[in-house]
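Since the structure comes first, as structure tokens, the remarks are kept for the end.
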Amino acid sequence: MTPTPRQEKREPEIVIIGAGIAGITMAYTLQGAGYSRFRVLEKGSDVGGVWYWNRYPGLTCDVPSQLYQFGFAPKADWSSIWAPGPEIQRYHRDVVDKFGLDEHIQLNTTVVSADFDDASALWTVVTDTGETILADFVICATGVLHNPAYPNIPGLAEFKGKVVHTARWDESLDVDGARIAVIGTGSTGVQVVSALQQPARSLTHFVRSPQWVLWAPMHLRQPKLVSRILERSPGLHAWIYAMSLKASAVLPDVILNDTWRRRAVQKYARLCLRRQVQDRQLRESLTPDYEPLCKRQVVSGTYYRALRSANTELVTTDIARVTEEGIQTVDGREFPLDIIVLATGFRAHDYMRPMRITGREGRQLDEIWADGPRAYRMTAIPGLPNLFTVLGPNSPTGSISLQYSAEVTSRYILSWLDKFRVGEISTTEVTEEATEEFNREVNSAAKTTVWNSGCNSWYFTDSGNIDLWPFTRSKLTEMLTQPNESHFRVTRRQEEREAAGGINLASQRKG
Ligand code: N01
């Protein structure tokens, strides 16, 4: 037998950043594997991530709730087939309570920086509360749709009324009888227009690029009988969840392959517009100049109806400026307003920003990502040892269940942590070559997807890459089942210890 160097066995200190879908999943996975030395730092005053931050009127999940839930925490009694935002937010809180994860979660805590020390192989995480935490591993679960994008429209700051971004909704805002403008027509814009049309005195929807909108009965309730049956039969519930996941494989298929299935969905999108908008001029204004499914598909049962209402106007002329009184378009038209709602989306590729991350040999994340975000299999970044992301770059937003993806990624990260726990490794860092190869494969596969069929969308990074998962769910599972050590630079603990001359692992509280 080859003698192995003496290695210390101990549980790693872990910091998870973010308590949304990804952070909760990671925390649940660690707890289930018997880890206890982990902390989840969350900048919001509750868990839930996007479901905590987004509270705009009309917020609904356009993915059926029996699918949009954690595999480890099935909820039998969703109120609706497509549950409203507040119910989904409550679900995340309930999951945290149910599994006793709260003791690990520190709310109202923004991470300012994370620095890796080469000598000790430890991360130093600094928060805005003045705390300094030493950790063996940092797991960034900071989400994709996290930083709101504010448009650069001249005069916006001078507007005398109220300006609100949908991702930072002001719950004290009185919309009843107000003259409201909504800018933007993604999934959010369409939902908020549908919700504000009735209470508003007038509603003007400013649309720069119209979207295809698939009709679905979004207000359909989940029958009480179904809830009771699912509650009493967990086995059946688990089976239905598994079947729903399996059936959702149709989505990547439609995205990746130009088959009759894709064409059928596209035909349905065109039919929805033709059937619901009889007015020829309005229909023309609402007709996108790109293929259905090119952007993140919008689903709504009420948007076209809201636009047909007497108090609502669609404006596709470009906005010239915002004045003190309202919006002026480039043709000189003035729209007097009380409220401007910015449904202008997110800086989707900012991920962990604005926190400052410094990796091996002082390498900054901004430097590593100078040409846009890139990771190995959504989770590892060259230059950043012992740091992983859950729902990081190339996550399958819009094609595969995010919860499923977070669960698979968390288990993958756990495999690395286990290697640390048993003393097999001290640090692990993905190689530049493996990351490059993965990204080459992604970029090549993304070229032939429907996302690349001729539209602009938040899927594209500034360098023109599509920051999504252009493969199937089985490929995702396969890539994240077992770490491939040949894709990583691994160091052993004894070597590190000797280099550092011994380290003290205690978390420190400053001030
Ligand atoms: O943001 P978006 P979103 N002047 O980026 C327009 C998820 N989501 O918040 O296309 C005028 O899609 C911009 O116009 P254009 C889902 O993944 C899920 O709606 O750039 N307009 C566009 O119309 C979704 O994809 C649910 O020409 C400006 C809009 O703003 C993602 O969130 C619900 C502008 C932005 O659309 C983001 O959706 C809601 C300007 N200066 C959201 N700047 C579920 O139900 C931007 N726009 C699960």
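The values are calculated or read from the model by the stated rules, or taken from the named source; none is laboratory data. Here the structure is a predicted model, which is why all the values come from computation and not from measurement. All Cβ positions, even for glycine, are placed from backbone atoms using ideal geometry, and neighbour counts span all protein chains on display. When the accessible area is computed, the model is the full protein with side chains, heavy atoms only, and any ligands, DNA or RNA have been set aside. Shrake-Rupley method; radii C 1.70, N 1.55, O 1.52, S 1.80 Å.
Calculated accessible area for region 56-176 comes out at 39 Å² per residue, all protein chains present (probe 1.4 Å; ligands, DNA, RNA ignored). Note: relative contact order over region 27-106, using C-alpha pairs below 8 Å and six or more positions apart, is 41 percent. Cβ distances below 4.7 Å define possible disulfide partners, and in the chain the cysteines left without one are Cys61, Cys140, Cys272. Ser399 sits with roughly 10 Å² accessible to a 1.4 Å probe, with DNA, RNA and ligands left out of the calculation. Counting only other residues whose beta carbon sits under 13 Å from that of Ala434, what net charge do I get with K and R as +1, D and E as -1? With Lys, Arg at +1 and Asp, Glu at -1, the neighbours total -3.
Relative contact order, whole percent, for the chain stands at 22, derived from Cα pairs under 8 Å and 6 or more residues apart.
Using heavy atoms of the protein chains and a probe of 1.4 Å, the accessible area assigned to Tyr241 is about 30 Å².
Positive contributions from Lys and Arg (+1) and negative ones from Asp and Glu (-1), summed over other residues with Cβ under 13 Å from the Cβ of Arg179, come out at -3.
With a ≥ b ≥ c the root eigenvalues of the C-alpha gyration tensor of region 374-489, is it rounded (a/c under 1.5), prolate (a/b larger than b/c) or oblate?
Values: a/c = 2.41, a/b = 1.77, b/c = 1.36.
It comes out prolate by the Cα gyration axes.
Calculate how steeply helix 21-32 sits against the longest principal axis of the alpha-carbon atoms of the chain, using the helix alpha-carbon long axis, and give the answer as 0 to 90 degrees to the nearest 10. Its long axis makes an angle of about 30 degrees.
Entry for region 287-342 at q = 0.21, 0.24, 0.25, 0.26 Å⁻¹: log10 I(q)/I(0) = -1.02, -1.09, -1.10, -1.11, Debye formula applied to identical alpha-carbon scatterers, no solvent contribution. If you take the Cα atoms of region 136-283, find Rg, then find the Kirkwood Rh from the mean of 1/r over all pairs, what is Rg/Rh? Ratio of gyration radius to Kirkwood radius for region 136-283: 1.04. In whole angstrom, the chain maps to an equivalent ellipsoid with semi-axes of 42, 25, 23, each derived as √(5λ) from the alpha carbon gyration tensor and ordered largest first.
Rolled with a 1.4 Å probe across the full set of protein chains, the surface gives Lys267 an accessible area near 150 Å².
Taking the chain, how many lysine pairs are there with alpha carbons less than 20 Å apart, if each pair must be eight or more places apart or span two chains? For the chain, qualifying lysine pairs total 9.
With an 8 Å cut-off on Cα pairs and a minimum separation of 6 or more residues, tell me the relative contact order of region 244-333 in percent.
Details: 42 pairs, mean separation 15.4, N = 90.
So the answer I get is 17 percent.
Applying the criteria of a DSSP loop state and at most 16 other Cβ atoms within 10 Å to the GluC sites (Glu not before Pro) of region 315-395 yields Glu324, Glu325.
Go ahead and estimate [θ] at 222 nm for the chain from helices alone: -39,500 (n - 2.57) per DSSP H run with n ≥ 4, summed, over the residue count, rounded to 500. Intermediate values should be presented prior to the final figure.
Numbers: 15 runs with 155 residues, N = 511.
Computed mean residue ellipticity for the chain: -9000 deg cm²/dmol.
Each Lys or Arg adds one and each Asp or Glu subtracts one; over the other residues with Cβ under 12 Å from the Cβ of Val341, this totals +1. Region 397-433 and region 62-89 have their alpha-carbon centroids 26 Å apart.
Karplus-derived 3J(HN,Hα) values for region 281-297, using 6.51 cos²θ - 1.76 cosθ + 1.60 with θ = phi - 60°, are 5, 4, 4, 4, 5, 8, 8, x, 9, 9, 6, x, 5, 5, 8, 4, 5 Hz; glycine and proline are entered as x. Of all DSSP-defined beta bridges confined to the chain, some 45% are antiparallel rather than parallel. For region 297-328, backbone nitrogen atoms closer than 20 Å to the point 7 Å from Arg280 Cα along Cα-to-C-beta are found at 308, 314, 316.
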